[in-house]
Amino acid sequence: MVPMLVIGRSGDGRVVEAGVGTSLMEEIRAAGFLELRAICNGCCSCATCHVQVGGEAAGRLPPMGEEERELLAESENRTARSRLSCQITVTQEMAGLTVTVAPED
């Protein structure tokens, strides 16, 4: 299990133990952060699983793909820390990652 801090839109946060090989989107929703809507169920077609990542582990995330980049380009709330959680597979190297559910567009 990989511990990471997940912070919801209301500012409430808690440590989530995520399983290696699972999608970050699935882990956030399983932890009860249902404001992460993920309408397309991880198909990288809606950007409703937008999160902002931080902490030392953020530098160890895989690079953003072109589809992810295009979807996030349309977000009013995109920052340099923005990612689509459906496009991130949890790895042990992500221990300590801070993930904040982005404001809804």
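The values are calculated or read from the model by the stated rules, or taken from the named source; none is laboratory data. The shown structure was predicted, so the numbers you read here are calculated from the model rather than taken from an experiment. As a convention, Cβ positions derive from the backbone with ideal geometry for all residues, glycine included, and neighbour counts pool all protein chains shown.
Structure summary
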read-out	value
Contacts under 6 angstrom Cβ, first residue in the stretch 45-69 being buried (at least 17 other Cβ atoms within 10 Å of the Cβ), partner at pLDDT 95 or above and assigned to a helix (DSSP H, G or I), 6 or more apart	47/71; 49/25; 49/85; 49/86; 51/85; 57/94; 68/87
One residue from 84, 97, 61 being closer than 17 Å to residue 15 by Cα and of a type in the set (A, V, I, L, M)	97
Residue match in the stretch 22-35 (condition: surrounded by fewer than 17 Cβ atoms within 10 Å (Cβ to Cβ) and under 15 Å from residue 94 (Cα atoms))	yes
Failed condition for residue 102, given (1) surrounded by fewer than 14 Cβ atoms within 10 Å (Cβ to Cβ); (2) in contact with a His (Cβ under 8 Å, 6 or more places away or on another chain); (3) small (Gly, Ala, Ser)	(1)
Filter pass, residue 39 being free of Cβ contacts under 8 Å to residues at least 12 places away in the same chain, of a type in the set (Val, Ile, Thr) and out of contact with any Lys or Arg (no Cβ under 7 Å at 6 or more places or on another chain)	yes
